[in-house]
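Read the structure below first, then the notes.
The values are calculated or read from the model by the stated rules, or taken from the named source; none is laboratory data. Just so we're clear, the structure is a prediction, and the values are computed from it rather than from any experiment. Every residue, glycine as well, gets a Cβ built from its backbone with ideal geometry; the counts of neighbours run over all protein chains shown. What goes into the accessible areas is simple: the full protein's heavy atoms, side chains included, and nothing from ligands, DNA or RNA. Shrake-Rupley method; radii C 1.70, N 1.55, O 1.52, S 1.80 Å.
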Amino acid sequence: MKNIIEVKNLTKTYKRLKAVDNLTFEVHEGEILGLLGPNGSGKTTTINCILSLLKYDAGSISIFGREMQPNAYDIKKEIGVVFQEVAVFEELNVYDNIDYFCGLYIQDKKVRKTYIKEALELVGLEEFQKFYPKQLSGGLLRRLNIACGIAHKPKLIFLDEPTVAVDPQSRNNILDGIQTLRKKGATIIYTTHYMEEVEMLCDRILILDKGKILASGTNDALKALAHIEEKVSIEVMDLEETYIEKIQKFKNVEEVSYQNNLLFITYKKGNNNVTELIDYLKEEGIHYNKIYSERPTLNDVFLELTGKELRD
Amino acid sequence: MTVFKTFLKVLNKYKGTLILYTVILIFFAGFNIETNDTGTDFVSSKPDVLIVNQDEEVGITKSLVHYMEDHSNMVAIKDTEEARDDALFYRDVNYIIYIPAHYREDFLAGKNPVIVVKSTGDYQSSLAELLLTRYLKLAEFYQIIEVNEDALIEQIETTLSKEPVVEMTSHLDRNQLEKATRYFNFANYCILAGCIYVVCFILSSFKTKGVHKRTIISSTNYKTFNRKLLLSNALFAFVLWAFYIVLGIILVGDVLLSMHGIFYAINSFLFTLCALTIAFLIGNAIANKNAISGLVNVIALGSSFLCGAFVPMEWLPDKVLAIAHILPSYWYIKTNEYLKGLEVFDMDALKPIICNMGVIVVFIVIFIILTNFISHKKQIQK
Ligand SMILES: Nc1ncnc2c1ncn2[C@@H]1O[C@H](COP(=O)(O)OP(=O)(O)OP(=O)(O)O)[C@@H](O)[C@H]1O
Ligand SMILES: [Mg+2]
């Protein structure tokens with residue numbers, strides 16, 4: 001597998017704060033790599049360093065097999081970036097905004113025209129071409145932000161939390177768009193602190209915290225790191241302490257908690273855990289309402305690795 | 001081309017503001033034509049002059065006093081300095097000449113005694129000044145060849161009588177020049193406000209944090225991009241200036257197609273360049289659009305008031321004018337004021353204009369250095 005990006009021992013310090021701490025990783029051709037980490041974990045800083053927007057203290061970065069530098073315009077030509085904050089001209093309408101940013105890469109007018117059309121289609125803004133950014137809703141504005149970053153058909157795309165504060169409809173549109181881009185052959189680096197997105201979208205995931213890589217691998221490989229297999233929650237009214245203690249001693253049970261009439265059990269491993277539990281509740285004549293069973297999430301992995309939640 | 005095209009599109013968004021400033025200019029210039037027509041007839045009259053003579057009125061002193069009396073209106077004013085200053089302020093007198101004691105004696109002895117004057121600085125006073133200088137220049141000249149005082153006086157007076165004084169005013173259309181000066185003085189406000197406002201807003205749009213970042217990471221060479229942006233702005237300023245010149249010709253008249261017009265144009269062109277550099281400085285230092293529009297108002301209105309763009313310079317208190325020296329507008333307006341009284345365009349007459357323009361060039365250089373300094377500092381911070 002070809003490496004599109006190779007980052008070696010990247011370190012970046014702001015005054016005293018080490019924002020990125022000795023990072024080493026690769027990005028393979030055609031994959032979506034997720035950078036997952038809580039606020040301030042160094043995701044944006046890492047991207048800015050890779051793009052030569054920031055000077056870093058140590059390490060090396062190569063893209064397409066060449067060293068990345070501020071004036072490496074032939075590398076930059078193949079890169080598209082969607083920044084965390086919306087970056088468009090207030091004075092230009094949707095079409096003209098995409099036209100300007102695309103025009104920074106593509107000089108040919110005709111080519112640009114078809115590219116802009118495709119970008120508008122991808123993010124579903126065809127009907128808003130003449131709208132000014134002020135007239136767009138938050139979700140539509142984010143879509144414009146994406147279109148501006150990818151209209152020139154880059155081979156390598158960086159998306160920095162493109163779905164922050166976006167309604168479900170726009171979010172689905174954006175996630176679909178990203179998958180379409182990958183199908184067309186782009187390599188994508190996707191940062192977020194929404195683990196659901198990462199699970200759904202990414203081929204490989206890097207979990208970052210305090211500028212360090214805690215773990216990396218595929219979704220399944222990472223979940224294996226969490227020493228739990230299943231999480232079950234049941235709504236039970238006024239459960240007595242003795243029952244809870246009994247459940248605690250069941251096979252495979254890792255932890256039991258009871259709060260606000262909600263019984264919460266995590267299992268280390270095994271199947272049929274829920275059946276066994278229900279049988280027991282019936283036997284004791286305890287009434288229960290809803291039952292949910294979940295596989296562990298990346299949040300559990302993060303919890304396992306750091307002892308804190310990914311999102312507060 | 002992308003940069004320039006986008007520049008035009010963004011500019012298009014600010015056309016309202018530009019139209020507003022232009023309408024203000026037209027309105028003001030139109031209003032000026034009204035007020036000036038009433039003053040047409042006194043333009044050709046003689047200046048009001050007061051001579052404070054500490055010397056005895058004999059010989060060369062007497063001749064000088066008589067010459068001035070013949071060609072101007074002598075006014076009588078109470079014999080205190082305060083009364084004289086008041087008279088100057090209220091335009092009861094245009095020009096006061098102080099002949100020192102022993103003037104005649106010193107002059108004949110070749111000591112070049114100094115004659116102090118006070119003036120309102122307007123057109124009338126420049127007429128009086130012309131009379132006085134003409135007399136003194138001749139006196140100096142003939143003193144070298146004539147030893148006898150009576151013969152000297154006779155020489156001066158014959159020469160003076162051969163050159164009629166009336167001719168001085170005949171070439172110029174005072175009314176139009178007065179209008180031209182007022183038009184260009186007021187344009188000080190419109191050039192400053194229009195130029196700074198538009199250029200700063202456009203710069204801040206291109207340099208908004210995210211948009212700027214996108215430009216930096218793109219495959220467009222950043223230096224080329226900057227150069228294109230700079231040129232676009234300069235082109236805009238040039239068009240704005242050219243438009244105001246054409247507007248001036250329409251509103252003021254054909255005096256602007258003469259030598260005077262060329263100098264008004266050069267002066268305003270230089271000033272537009274200066275406004276452009278101020279705009280670059282502000283645009284580079286400040287990104288917040290609200291702060292920019294506040295600052296533009298302070299700068300454009302402030303320097304217009306302080307430097308006499310709205311009211312004639314002579315009406316402003318000395319203290320205000322002293323402060324005004326540190327503003328480019330002062331030197332621009334000073335040239336405009338000087339131009340309206342200018343008779344001939346020889347090297348001597350152009351010297352003050354060149355000096356004023358030199359000061360503006362210095363301002364331009366300072367602003368460019370400051371802009372470079374600030375943008376360099378910002379880059380290091382990154
Ligand atoms: N310009 C800066 N000056 C000083 N510290 C900074 C600067 N930019 C970021 N930091 C710090 O560096 C750390 C990493 O920030 P970064 O923006 O990379 O995090 P992030 O993972 O992108 O977070 P988020 O999810 O909030 O976007 C944070 O602690 C942040 O406070
Ligand atoms: Mg970030």
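Return the pair list, or none, for Cβ contacts closer than 7 Å from residues in the range B:349-365 that are in the same structural domain as B:Pro328 (by TED's automatic domain parsing) to residues that are modelled with pLDDT under 95 and of a type in the set (D, E, K, R), at least 6 apart or on different chains. Pairs found: B:Asn356/B:Lys334.
Just to check your reading of the model, which residue among A:Val236, A:Val253, A:Val232 is within 30 Å of the chain's Cα centre (by Cα) and open to solvent by less than 70 Å² (accessible area, probe 1.4 Å)? Outline the logic, then answer.
Values: A:Val236 fails: within 30 Å of the chain's Cα centre (by Cα); A:Val253 fails: within 30 Å of the chain's Cα centre (by Cα).
Going through A:Val236, A:Val253, A:Val232 in turn, just one is within 30 Å of the chain's Cα centre (by Cα) and open to solvent by less than 70 Å² (accessible area, probe 1.4 Å): A:Val232.
Within the range A:165-182, which residues are within 16 Å of ligand 1 (Cβ to nearest atom) and either within 14 Å of chain B (Cβ to nearest Cβ) or open to solvent by 50 Å² or more (accessible area, probe 1.4 Å) (or both)? Within the range A:165-182, A:Ala165 is the sole residue that qualifies. Residue-level analysis places A:Gln169 among those that are touching a residue at least 24 places away in the same chain (Cβ under 8 Å) and under 26 Å from A:Thr297 (Cβ atoms).
Residues checked against (1) more than 11 Å from ligand 1 (Cβ to nearest atom); (2) closer than 30 Å to B:Lys15 by Cα; (3) crowded, with 20+ Cβ neighbours inside 10 Å; (4) of a type in the set (Asp, Glu):
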position: A:Glu6; (1), (2), (3), (4): yes, no, no, yes
position: A:Ile50; (1), (2), (3), (4): yes, no, yes, no
position: A:Leu54; (1), (2), (3), (4): no, no, no, no
position: A:Ser62; (1), (2), (3), (4): yes, no, no, no
position: A:Ile98; (1), (2), (3), (4): yes, yes, yes, no
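Exactly one residue out of A:Glu78, A:Glu85, A:Glu161, A:Glu91 is within 16 Å of ligand 2 (Cβ to nearest atom) and surrounded by 14 or more Cβ atoms within 10 Å (Cβ to Cβ), and it is A:Glu161. Quick one: is A:Asn39 more than 13 Å from ligand 1 (Cβ to nearest atom), in the same structural domain as A:Glu197 (by TED's automatic domain parsing) and open to solvent by 60 Å² or more (accessible area, probe 1.4 Å)? Spelling it out, it is not the case that A:Asn39 is more than 13 Å from ligand 1 (Cβ to nearest atom), in the same structural domain as A:Glu197 (by TED's automatic domain parsing) and open to solvent by 60 Å² or more (accessible area, probe 1.4 Å).
Mind checking whether some residue in the range A:208-225 is in the same structural domain as A:Val82 (by TED's automatic domain parsing), modelled with pLDDT of 90 or more, under 27 Å from A:Leu10 (Cα atoms) and β-branched (Val, Ile, Thr)? Taking every residue of the range A:208-225 in turn, at least one turns out to be in the same structural domain as A:Val82 (by TED's automatic domain parsing), modelled with pLDDT of 90 or more, under 27 Å from A:Leu10 (Cα atoms) and β-branched (Val, Ile, Thr).
Across the range B:166-183, which residue is surrounded by the fewest Cβ atoms within 10 Å (Cβ to Cβ) among those that are modelled with pLDDT of 55 or more and not in a helix (DSSP H, G or I)? Outline the logic, then answer.
Of all residues in the range B:166-183, those modelled with pLDDT of 55 or more come to B:172-183.
Among the residues that remain, those that are also not in a helix (DSSP H, G or I) are: B:172-173.
Numbers: B:Leu172: 18, B:Asp173: 15.
Taking the candidates together, the pick is B:Asp173.
Candidates B:Leu136, B:Leu160, B:Leu127, B:Leu152: the one that is in a helix (DSSP H, G or I), more than 21 Å from B:Lys62 (Cβ to Cβ) and aliphatic (A, V, I, L, M) is B:Leu127. All conditions but one from (1) in a loop (DSSP other than H, G, I, E, B); (2) within 16 Å of ligand 1 (Cβ to nearest atom) apply to A:Gly185; the one that does not is (2). Of the residues making up the range A:13-29, those that are in a strand (DSSP E or B), within 16 Å of ligand 1 (Cβ to nearest atom) and open to solvent by 20 Å² or more (accessible area, probe 1.4 Å) are A:Thr13, A:Tyr14, A:Leu17, A:Lys18, A:Asp21, A:Asn22. Checking each residue in the range B:278-291 for being in contact with a Ser or Thr (Cβ under 8 Å, 6 or more places away or on another chain) and buried (at least 22 other Cβ atoms within 10 Å of the Cβ) picks out B:Phe280, B:Leu281, B:Gly283.
Scanning the range A:195-204 for residues that are in a helix (DSSP H, G or I) and either of a type outside the set (D, E, K, R) or open to solvent by 10 Å² or more (accessible area, probe 1.4 Å) (or both) returns A:Met195, A:Glu196, A:Val198, A:Glu199, A:Met200, A:Leu201.
Inside the range A:124-138, can you point out the residues that are part of a helix (DSSP H, G or I) and out of contact with any Leu (no Cβ under 7 Å at 6 or more places or on another chain)? Write out each step before concluding.
Initial filter on the range A:124-138 (part of a helix (DSSP H, G or I)): A:126-128, A:133-135, A:138.
Within the range A:124-138, A:Glu127, A:Lys134, A:Gln135, A:Gly138 meet the criteria.
Is there a residue in the range A:131-144 that is within 16 Å of ligand 1 (Cβ to nearest atom), within 14 Å of chain B (Cβ to nearest Cβ) and over 22 Å from A:His28 (Cβ atoms)? Yes, the range A:131-144 contains a residue that is within 16 Å of ligand 1 (Cβ to nearest atom), within 14 Å of chain B (Cβ to nearest Cβ) and over 22 Å from A:His28 (Cβ atoms). Restricting attention to the range B:136-156, the residues that are over 14 Å from B:Arg104 (Cα atoms) and open to solvent by less than 90 Å² (accessible area, probe 1.4 Å) add up to 6.
For the range A:19-45, what are the residues that are β-branched (Val, Ile, Thr) and more than 9 Å from ligand 2 (Cβ to nearest atom)? Give the steps one after another, and end with the answer.
Here is the first cut: in the range A:19-45, the residues β-branched (Val, Ile, Thr) are A:20, A:24, A:27, A:32, A:44-45.
Listed by number, the residues that qualify are A:Val20, A:Thr24, A:Val27, A:Ile32.
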